[in-house]
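A short worksheet on the structure shown next.
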Amino acid sequence: MIDTKTHGGKRPGAGRPPVETVEHRVRLPPGVISLLTALGDGRLSRGIVLAAEALRVGDIKPPEEADAS
């Protein structure tokens, strides 16, 4: 019997475990939403991804580091 809760493998528990859906709900100020939406060409999620990538590569500093300088 193939276990449908696994991704591959004929034995129960074999293969990769199923992907879990994780939601993170955060409230953002309206101004931040406007900036991220503009950054993402009208798409909030794309703006968040672009801002996170800019943080990762060091193009912008996190707020706590920007306040210290």
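Remarks
- The listed residue being surrounded by 13 or more Cβ atoms within 10 Å (Cβ to Cβ), among the polar types (S, T, N, Q) and at pLDDT below 80, out of T21, T6, T37: T6
- Within the stretch 14-66, the set of residues being assigned to a helix (DSSP H, G or I) and of a type outside the set (A, V, I, L, M, F, W, C) comprises P30, G31, S34, T37, S45, R46, G47, E53, R56, P63, E64, E65.
- Long-range neighbours under 8 Å by Cβ, at least six apart or interchain, first residue more than 15 Å from S45 (Cβ to Cβ) within the stretch 17-29, second of a type in the set (S, T, N, Q) and in a loop (DSSP other than H, G, I, E, B): P17/T6; P18/T6
The values are calculated or read from the model by the stated rules, or taken from the named source; none is laboratory data. Predicted, not measured: the structure shown is a model, and the values here were computed from it. Please note: Cβ atoms are built from the backbone with ideal geometry, for glycine as well, and neighbour counts cover all protein chains shown.
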